[in-house]
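The values are calculated or read from the model by the stated rules, or taken from the named source; none is laboratory data. This is a predicted model, so every value here is computed, not measured. Ideal geometry is used to build each Cβ from the backbone, glycine not excepted, and the neighbour counts take in all protein chains shown. Areas reflect the complete protein model, heavy atoms only, side chains present, ligands, DNA and RNA absent. Shrake-Rupley method; radii C 1.70, N 1.55, O 1.52, S 1.80 Å.
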Amino acid sequence: MDKSLHVILMYGLTQLGFIFFFYSGDIIASTTEGHWLAIVIGLVLNWVMVWLYMKGLGYFPKQDMISIYASVGKWAALLFLLPLVFFLFITNIITIRAFSEVITLVFLANTPLWAIMALIITISGYIALNGVESILRTGVLLAILFLPVILFTICISFQNVDFRYFFPIMDEKFSFLAKPPYWHSFSAFAGSFLFLGFIQPYVTYRPKNVLFTMAALVPFYFIAVYVPLFTFGQATASTFKFPFIVLMSTIHINWLMFDRITMFLLLCLVTFTMLFISMVLWKLSQILHRCLPKVKPSYFVITIAAANFIGCLFITNWEEIQSLIMWNTMLRFFVLVGIPCSIWLLGIRAKRMIKDEGA
């Protein structure tokens, strides 16, 4: 049965979680002009990599990426899957710790940080324990509940914009390419599409629908960056870690019974992120289960979730989160570029081998 709707909602929701949380701050911090150029370069690279990834997966019907690498040899599985495991594990720690910090700052100031982290990882782990189909069904439910809220918050975010802040329009020196925050911004792309290579044995979907979803998400990247710029200006917006979240705290609507719009936005982003965390836990459990087939995947989910929680406890401040993000940069680009290209090349190799055998 075709599950394209479930797949594209999963991809879209996880992307939205990262776009409005991490992405806007990184792009604004990376350049003082021509932000659109920085956004376009990232989007084009992401589109090309996802297309290559799905094109390569198409050569291996009913096989996941673990089986693809394993069929080449143990060296290929070790070369590509070991860095992937480290990347996913560290990404989960960063995501859980960062979101917990913001929740504490925005509306749970008296709640211990460890309790918020424990709640996020527990809910995500429970979803992951029920398998990939449960994660995808949860994505559909979250989309029904929270996508209207996200669209509403985006509409009202234009309340105080000044479009003159769009200028200057061009960064002729491409100075953002030398700024670490720009390379950090690719975290919005690197982890979201990987699940497509894990679900093939369990779920069927149409790759073109994923590409349509990517096209539909393009305006959100620009909104997440430019609405804070149009509201605060570059000089002020660049001082915020989370410009779009800060922006929502400035919105005032007389006819709305709730005073803090920020709470609705953050609630949506947290639920989308828990969906991402649960998918990462499931992917890690699948990789480790192939290494140790006698151990049930559910045991791996519990162990990884516990390890993620312990890792989060060792991070004491935001500067350490930033250091971890920087340390994860090389792995991020290995995952973003190396894995899609390798799957595509292995797919071409497999196609040629089939042709040679037929001849």
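By the rule of a C-alpha distance below 30 Å, with chain neighbours fewer than 8 residues away ignored, the lysines paired with LYS355 are LYS55, LYS62, LYS74, LYS208. The lysines within cross-link reach of LYS241, meaning a Cα-to-Cα straight distance under 29 Å and a gap of 8 or more places when in the same chain, are LYS173, LYS179.
Among the protein heavy atoms, those of MET170 account for about 70 Å² of accessible surface (1.4 Å probe, every chain in place). Considering only alpha-carbon pairs that sit under 8 angstrom and 6 or more positions apart, the relative contact order computed for the chain is 42 percent. What whole-number distance in Å separates the alpha-carbon centres of the range 94-137 and the range 1-35? Going from one Cα centre to the other spans 19 Å. Sorted largest first by accessible area at a 1.4 angstrom probe radius, with every protein chain in place, the residues LEU145, LEU217 fall in the order LEU145, LEU217.
Calculated mean residue ellipticity at 222 nm for the chain: -23500 deg cm²/dmol, from DSSP H runs with n ≥ 4 weighted as -39500 (n - 2.57), summed, divided by the residue count and rounded to 500. Quantify, in whole percent, the carbon and sulfur part of the accessible surface of the range 204-324 (1.4 Å probe; protein heavy atoms only). Roughly 68 percent, rounded to a whole number.
Surface exposure of the range 209-359, expressed per residue as accessible area with a 1.4 Å probe, stands at 49 Å². Rolling a 1.4 Å probe over the protein chains gives GLU172 an accessible area of about 150 Å². In this view, the solvent-accessible surface of CYS291, computed with a 1.4 Å probe and all protein chains in place, comes to about 90 Å². These residues, LEU16, LEU113, go from largest to smallest accessible area, 1.4 Å probe, as LEU113, LEU16. In the context of the full set of protein chains, residues of the range 18-173 present 45 Å² of accessible surface per residue (probe radius 1.4 Å, heavy atoms only).
For the range 23-153, the fraction of 1.4 Å probe accessible surface lying on carbon and sulfur atoms is 74 percent. In plain terms, the C-alpha convex hull of the range 1-95 casts an average shadow of 8.0 nm² when viewed from every direction.
Pair-distance distribution of the chain: all C-alpha pairs, bin width 20 Å, starting at 0; shares per bin in whole percent are 29, 58, 12, 0.
Starting from a Cα-only point model with no solvent, please compute log10 I(q)/I(0) by Debye for the range 187-299 at q = 0.20 1/Å. Normalising to I(0) and taking log10 leaves -1.18. Between the helical axis of 261-291 and the longest alpha-carbon principal axis of the chain there is an angle of about 20 degrees.
In debye, nearest 20, what is the charge dipole magnitude of the range 239-359 about its Cα centre with +1 on Lys and Arg Cβ and -1 on Asp and Glu Cβ, if you could check?
So the dipole magnitude of the range 239-359 works out to roughly 560 debye.
Along the axis of the charge dipole computed for the range 266-359 (Cβ charges of +1 for Lys and Arg, -1 for Asp and Glu, origin at the Cα centre), the listed residues ALA350, LEU281, ILE310 are led at the positive end by ALA350.
Based on alpha-carbon centroids, what's the gap between the range 213-229 and the range 239-254 in Å, whole number please? First find each Cα centre; the distance between them is then 16 Å. Loop-located chymotrypsin sites (Phe, Trp or Tyr not before Pro) across the range 72-102 with a Cβ neighbour count of 15 or fewer within 10 Å are lacking, with loop assigned by DSSP. With 5 Å bins beginning at zero, the pair-distance distribution over Cα atoms of the range 114-185 amounts to 3, 11, 9, 10, 13, 15, 13, 11, 11, 4, 0 %. Rg/Rh for the range 59-181 stands at 1.08; both radii use Cα atoms, and Rh follows the Kirkwood definition.
Taking amide H as placed 1.01 Å from N in the peptide plane, THR204 has its amide H under 5 Å from the amide H of LYS3, each at least 5 places away in sequence or on another chain.
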